[in-house]
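The values are calculated or read from the model by the stated rules, or taken from the named source; none is laboratory data. It should be emphasised that the depicted structure is a prediction, and the values quoted were computed from it without experimental measurement. Cβ sites come from the backbone with ideal geometry, for glycine too, and all protein chains shown count toward neighbours.
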Amino acid sequence: MMGPVYVVDDDPDLRASTAQALDLAGLTPREFASAEDMADLVGFGFPGVVLTDIRMPGIDGLTLMNRIHAIDREVPVILMTGHGDLQLAVRAMREGAHDFIEKPFAAGQLTEILARALAYRRLVLENRTLRAAAGQVDDLEYRLAGRSNAMIDLRRRIRTLGPTEADVLIIGPTGAGKELAARALHDLSPRAAGPFVAIDCAALPADLIESELFGHEIGAFPSAVRARYGKFEHAQRGTVLLDDLGSMPLAVQAKLLRVIESRVVTRLGSNDTYPLDVRFMATSRADLHAEAAAGRFRDDLLYRLNVVTLHVPPLDARREDIGTLFLKLVDEAAGRHRRDAPPVPPLMIARLTSRDWPGNVRELRNAADRYVLGLETAGHPTDAPPQRLSDRVADFERREIESALSAHAGTLRAVYEGLGLSRKTLYEKMQKHGLSKSDFTDDGDTAPE
């Protein structure tokens, strides 16, 4: 069965006639009046292709293509162009467009282009599945790169949880990749073809947060001149990510709890309920248990969302991944800025690995962008002389133990067996490096094993 063709065009007549022609040719079109309407629907496992006009108000075709390719570089995007847009289309092909077609076009010509694109997409997805089955590096290893124990364990848990319907709480510091983990869970789930709606709880206006989430009816408040469904309803048959959940006001937390428990939503100004077929995920950089104890977060909401907890490790806890990750980010930055990827000398990798990254992967990505643009030299990230070998060995030992403790949530038996140490040796090394089991356990329980 062929995947869908998303047709994006602000001209309703052209959009409708194009969709009708595709339907008659045996394809499965779905119409969108703007890029904003379909931006949440294309994920890493999207089985179809996107056909979009190159010139549209708001998000244009090139911007839409770049957003899609930021998620999955191998989603075919075909651009519809006017006569004066040929140079723009050629530029788009260099930037990664699968193909383009000039208006007015024959229906047979378009369906032939789309059939080739769908066959290409099907082959891409089949190859990914075969590589994963053969134990080779798969998509998840590329998206959540790293060979540290913490990242191996994170990918294992995502592969286990992705196909389930369990709500997930994702914990980790700013910039560590919490939203990336959430999107990977969505793409591995049966809801992958549905929308992935990320809601930044910290950015929602306090006076509009309920309307944004739940929707409203006409007259619900003075400026409500027309009915509007909220972000929860927009995510039907998909996934809702509540980003930075700890910043949500307590009054809204109570309503959110009812929505999560009952899977129905009531719009502002209405007594009617609307069924909700969504999976909830939430991220937090704060300790929600501490927030609940302080009265700033509802403990019942925490327990309802905390069916499963994923810990995304900070970059400092997996320093052995920094070099490989930086090289990957340099390649990505070179593609975005349409430049050749500059070589990265070993000394720079050593310095990157030895410095602290409070902004985690996001900060490392910014450093890669600056390096590709020539704004950062190979010697800039810390001009301090390289560490002595003994110091580097000690740092490596500490990072390995930290990574193992994080991966096993502080379970010491699993750590010393996995590292090939005796229990006594592990205790001595933890004491030497100032590591405490309580810093890695989920509940802070430090009882002896």
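Considering only residues in segment 233-253 that are out of contact with any helix residue (DSSP H, G or I) (no Cβ under 7 Å at 6 or more places or on another chain) and farther than 17 Å from Ala202 by Cα, the one that is surrounded by the most Cβ atoms within 10 Å (Cβ to Cβ) turns out to be Ala235. Flag not set for Val124, criterion: among the aliphatic types (A, V, I, L, M) and either outside the structural domain of Leu22 (by TED's automatic domain parsing) or crowded, with 18+ Cβ neighbours inside 10 Å (or both).
The criterion of at least 1 residues that are touching a Phe, Trp or Tyr at 6+ places or on another chain (Cβ under 7 Å) and assigned by TED's automatic domain parsing to the domain that holds Arg159 is met, among strands (runs of 3 or more DSSP E) falling completely within segment 265-363, by 278-284.
Out of Ala202, Ala220, one residue alone is more than 30 Å from Asn360 (Cβ to Cβ), in a loop (DSSP other than H, G, I, E, B) and either touching a Gly at 6+ places or on another chain (Cβ under 8 Å) or not aromatic (Phe, Trp, Tyr) (or both). It is Ala220.
When you look at Val197, is it in contact (Cβ under 8 Å) with a residue 40 or more places away in the chain and touching a helix residue (DSSP H, G or I) at 6+ places or on another chain (Cβ under 8 Å), yes or no? So Val197 fits the description; yes. Within segment 74-98, being surrounded by fewer than 20 Cβ atoms within 10 Å (Cβ to Cβ), modelled with pLDDT of 80 or more and in contact with a Lys or Arg (Cβ under 8 Å, 6 or more places away or on another chain) holds for Glu74, Gly96. When Glu261 is tested against (1) in a helix (DSSP H, G or I); (2) out of contact with any helix residue (DSSP H, G or I) (no Cβ under 7 Å at 6 or more places or on another chain); (3) at pLDDT 90 or above, only condition (2) is not met. Entry remark, segment 391-429: residues being more than 23 Å from Ser354 (Cα to Cα) and not in a loop (DSSP other than H, G, I, E, B) number 13 in total. Among residues that are in contact with a strand residue (DSSP E or B) (Cβ under 8 Å, 6 or more places away or on another chain), charged (D, E, K, R) and at pLDDT 90 or above, Asp277 is not included.
Across segment 425-441, the qualifying residues are those that are in contact with a helix residue (DSSP H, G or I) (Cβ under 9 Å, 6 or more places away or on another chain) and farther than 15 Å from Ser403 by Cα, and the one among them that is surrounded by the most Cβ atoms within 10 Å (Cβ to Cβ) is Tyr427. Residues of segment 81-111 that are touching a residue at least 12 places away in the same chain (Cβ under 8 Å), more than 30 Å from Arg143 (Cα to Cα), outside any helix (DSSP H, G or I) and hydrophobic (A, V, I, L, M, F, W, C): Ile101, Phe105.
Screening Arg30 with (1) surrounded by 15 or more Cβ atoms within 10 Å (Cβ to Cβ); (2) closer than 15 Å to Gly194 by Cα; (3) at pLDDT 90 or above gives one miss only, at (1). Looking across segment 382-418, just one residue is modelled with pLDDT of 85 or more and of a type in the set (Phe, Trp, Tyr), and that is Tyr416. Leu421 fulfils the conditions (1) out of contact with any helix residue (DSSP H, G or I) (no Cβ under 8 Å at 6 or more places or on another chain); (2) modelled with pLDDT of 85 or more; (3) more than 30 Å from Gly335 (Cα to Cα); (4) not charged (D, E, K, R) except for a single criterion, (1).
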